[in-house]
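A short write-up of the structure that comes next.
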Ligand code: COS
C-alpha cells in the first residue's frame, strides 16, 4: 500500500500476472470438464505446484515465497476466475491446511511439514466441522485420549474440502470435555496412511462440484505426541485463527468470481440487442452494472486492507469477518444480476453464468455462515463499544 491508494507491490503484481496466465492457459480450458467429472485433475494441481503457487503464503524460512496473505488473496482471486472448485481445492492445502501448521506448529513441525506443502508435494486439509457441530465447533464429539506417549483419536469430521486427496489433515478433537472451546480442544496432524483413518461419504453439491467434500472417519487412530499441534487445549484458538485467514482468502475467491460474472455481463450488455439497440443502452441494465461495479470496488478494498492488517501481524478477526460477510453477500447479488442481465442465456447450463451462480451460493455458508460472521463482529462491537 502506498499513501491512500491501495496499490499492490511489484512482487504481488508479478504474482498476479503469473496466476492470471496460469488460469487462462491451464484452468479455464478444463473448467467445464472439472465440473462434469466432479474432480480437479492431479496433473493440474501438479502444474500449480510447478508454477510455485502452493507456497505463496508460506514464509521463505519454511520453503515458501513469503508473499503473505496478500499474495494468497491475489492467487485465489485469479484462479477463481477460471474455476471456483479448483481454487477451493488449492485453498484447502495452501490456505487453511498449511495455515494451521504455520499458526499452531512448533519450529520443528514447520520445518518438517511446510517445505513439502510449499512445493505442493504434500497436500493438506483442515478438519473441524462435524455433523452436529458446524456453526458451533465447541460442541464437537471427536475425541483424543492419551495412551503412553501417543494419542488415540476417535470420531467423524464432515464437509472436509479435498479430504479425499489430502496427504495430511489437521484434526481438531476434544481432550477435555468440561473445558471444550476454552482449553478443552487440541489439534493433531494425521497422515493419510494412519491405521483406522478412512475417507467416507462424498457430498453431492449444488455448485463447486469439481471440489470433493468428504467425511473423514477416525477409528482408534494412533498418532505420536510429536503430531500434536500447539499445546494441549490450544486447538480451538488455532482453529479460529486459521479461519480468520481462511475467511479472508475466501473473500478473495468471491472477488474473482464476481469480476468474472460482472465482466461477462458488461460484454453481453454491449452485444445483445433489444428494442433496436444494445441492452446496455437501457437504464435498467446500466443500474445493475453500476451496482455490481460499486460492490466489486468495495470488495477489493476490504480484501486488500484486511490482508495488509494480517501481514502486518495486527489483529484482524473482526475485519476478516466483515470482509467475508460483505464479499460473500455482494457476490450473491452480483451473480444474481449477471443471470438477470443474461436472461434465458443466464439460466442455461450451456453458458458459464449458470455455473457461477451455483458456485457462489455456498460462500455464505462455509467457513462460517453470514450469521456467524455477524456474531463475531457484534461481539467485538460490544466489547469495544464501537
Ligand atoms: N482468534 C483467537 N482466539 C479466538 C478466536 C480468534 N479468532 N475466536 C475465539 N477465540 C478464543 C476465545 O478468545 C476463547 O478463548 P479464551 O476463553 O481463552 O478467551 C475461546 O477461543 C472460545 O471463544 P468463544 O467463547 O468466542 O467461543 P464460542 O464457542 O462462543 O464460538 C464462534 C465462537 C461462534 C465465533 C465460533 O464458534 C465460530 O467461529 N463458529 C463458526 C465455525 C466455522 O466457521 N465453521 C466452518 C468450518 S470451516 S469450513
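Of note:
- Hydrodynamic radius of region 283-369 by the Kirkwood approach over all distinct alpha-carbon pairs: 14.2 Å.
- Principal-axis tilt of helix 370-384 within the chain, Cα atoms, nearest 10 degrees: 70 degrees
- Rg over Rh [alpha-carbon atoms, Kirkwood Rh] for region 179-314: 1.18
- Considering only 161, 89, 369, the Gaussian network model of the chain with Cα springs below 10 Å gives its largest mean-square fluctuation to 369.
- Among 55, 148, 68: highest mean-square fluctuation, GNM of the chain, C-alpha pairs under 10 Å: 148
- Listed residues 197, 62, 268, most fluctuating in the chain (Gaussian network, C-alpha, under 10 Å): 268
- Residue-normalised convex hull volume from the C-alpha trace of region 1-146: 159 Å³ per residue.
- Inter-site label distance for residue 380 and residue 311 at 7 Å from Cα along Cβ, in nm: 1.9 nm
- Whole-number Å³ per residue for the convex hull built on Cα positions in region 125-233: 93 Å³
- Length, then width, then depth: along the principal axes, the Cα atoms of the chain run 80, 50, 40 Å.
- Between residue 139 and residue 107, the contour length at 0.36 nm per residue exceeds the alpha carbon distance by 8.5 nm.
- Length gained on full extension, residue 193 to residue 271: 22.7 nm, using 0.36 nm per residue less the C-alpha separation.
- Counting only alpha carbon atoms, the long axis of helix 10-22 and the longest principal axis of the chain meet at about 80°.
- Considered as an equivalent ellipsoid built on the Cα gyration tensor, region 237-384 has semi-axes of 34, 15, 12 Å, the largest given first.
- Sequence ranges 188-196, 253-261, ranked by mean other-Cβ count within 10 angstrom, highest first: 253-261, 188-196
- Region 185-240 and region 291-317 have their alpha-carbon centroids 30 Å apart.
- Contour excess over end-to-end distance, with Cα ends at residue 147 and residue 10 and 0.36 nm allotted per residue: 44.2 nm
- Protection-proxy order for peptides 13-22, 116-125, each taking the mean of Cβ atoms within 10 Å per residue, highest first: 116-125, 13-22
- Between 0 and 90°, nearest 10: helix 68-82 axis offset from the chain longest Cα axis: 50 degrees
Every read-out reported here was derived from the displayed coordinates using simple, explicitly stated rules and does not represent laboratory data. On a predicted model such as this, the values are computed, not experimentally measured, just so you know. Cβ: placed from backbone, ideal geometry, glycine included. Neighbour counts: every protein chain shown.
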